Amino acid sequence: MIAPGTTAFYDAWADDGPEAERSAISRHFAAAFASGARVLDVGCGKGRDVVALLDMGFDAFGSEPHDAMRARALARDPRLAGRVAAAALPALGQPFGGGFDAVVCSAVLMHLEPADLPPSLAALVALLRPRGRLLMALPEMRADLLVDGRDPDGRQFANHPPERVQALLADHGLALLRGEDVAAPSADTRWRVLLFGR
């Protein structure tokens with residue numbers, strides 16, 4: 001379930017939230033995934049990474065819990081028809097039958113309470129085929145900007161240390177293959193891109 005403040009933010013973002021044509025994480029897709037891989041973008045928002053994946057020849061799908069964001073994704077590109085499901089962490093289930101070669105999860109985990117992180121990561125791993133890969137973008141906002149688990153925009157926001165994410169995924173047999181900081185639009189938030197695999 002999406003927290004009310006988070007829902008209100010993304011209601012407005014769906015209408016006029018600015019986005020670059022390509023996300024920062026999209027430049028990692030070609031190196032991270034095998035050619036033609038079946039990929040699920042969890043929390044796909046307005047669909048730009050699903051479109052980028054399709055443009056690159058991947059068999060791409062998305063899941064998005066927010067109704068207005070999902071509607072914008074479906075309106076973005078006719079190829080997304082039948083490729084975007086309504087689903088949310090941690091009870092993600094198996095959208096499109098699961099069995100993905102790769103999962104993308106960018107700018108999503110920060111909206112989870114710390115207690116929901118372990119089952120959410122388990123849900124992501126459950127989507128993967130045995131040699132699947134998980135690529136995520138994980139933000140860390142300055143702690144002094146977070147008040148009662150909310151960021152300055154009123155969204156539910158928790159900093160999940162990459163070390164904790166790495167340890168939890170190791171319990172499921174996934175190891176960190178690569179990690180790097182990426183340029184952030186704000187100095188208040190540090191972003192890391194992490195690639196995990198078996």
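The values are calculated or read from the model by the stated rules, or taken from the named source; none is laboratory data. This is a predicted model, so every value here is computed, not measured. Cβ sites come from the backbone with ideal geometry, for glycine too, and all protein chains shown count toward neighbours.
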Seminar exercise, completed: When restricted to Ala75, Ala86, Ala32, Ala24, the only residue more than 17 Å from the chain's Cα centre (by Cα), on the phi < 0 side of the Ramachandran plot and among the small types (Gly, Ala, Ser) is Ala75
Seminar exercise, completed: Those residues of region 40-75 which are surrounded by fewer than 24 Cβ atoms within 10 Å (Cβ to Cβ), farther than 19 Å from Arg27 by Cβ and either charged (D, E, K, R) or in contact (Cβ under 8 Å) with a residue 60 or more places away in the chain (or both) amount to Asp59, Pro65, His66, Asp67, Arg70, Arg72
Exercise. Just a yes or no: is a residue in region 157-173 among the hydrophobic types (A, V, I, L, M, F, W, C), modelled with pLDDT under 95 and surrounded by 21 or more Cβ atoms within 10 Å (Cβ to Cβ)?
Worked result: yes
For this session: Have a look at Ala14, Ala31 and point out the one that is over 22 Å from Met110 (Cβ atoms) and either modelled with pLDDT under 95 or exposed (fewer than 14 other Cβ atoms within 10 Å of the Cβ) (or both).
Result: Ala31
Problem set entry | Selection status of Ser26, among the hydroxyl-bearing types (Ser, Thr, Tyr) and part of a loop (DSSP other than H, G, I, E, B) | no
Problem set entry | Single match in Ala81, Ala37 (criterion: at pLDDT 95 or above and surrounded by fewer than 16 Cβ atoms within 10 Å (Cβ to Cβ)) | Ala81
Problem set entry | Residue list for region 86-137, filter: hydroxyl-bearing (Ser, Thr, Tyr) and closer than 14 Å to Glu64 by Cβ | Ser106
For this session: Those residues that are surrounded by fewer than 16 Cβ atoms within 10 Å (Cβ to Cβ) and within 11 Å of the chain's Cα centre (by Cα), I need them from region 100-134; list them, please.
Result: none
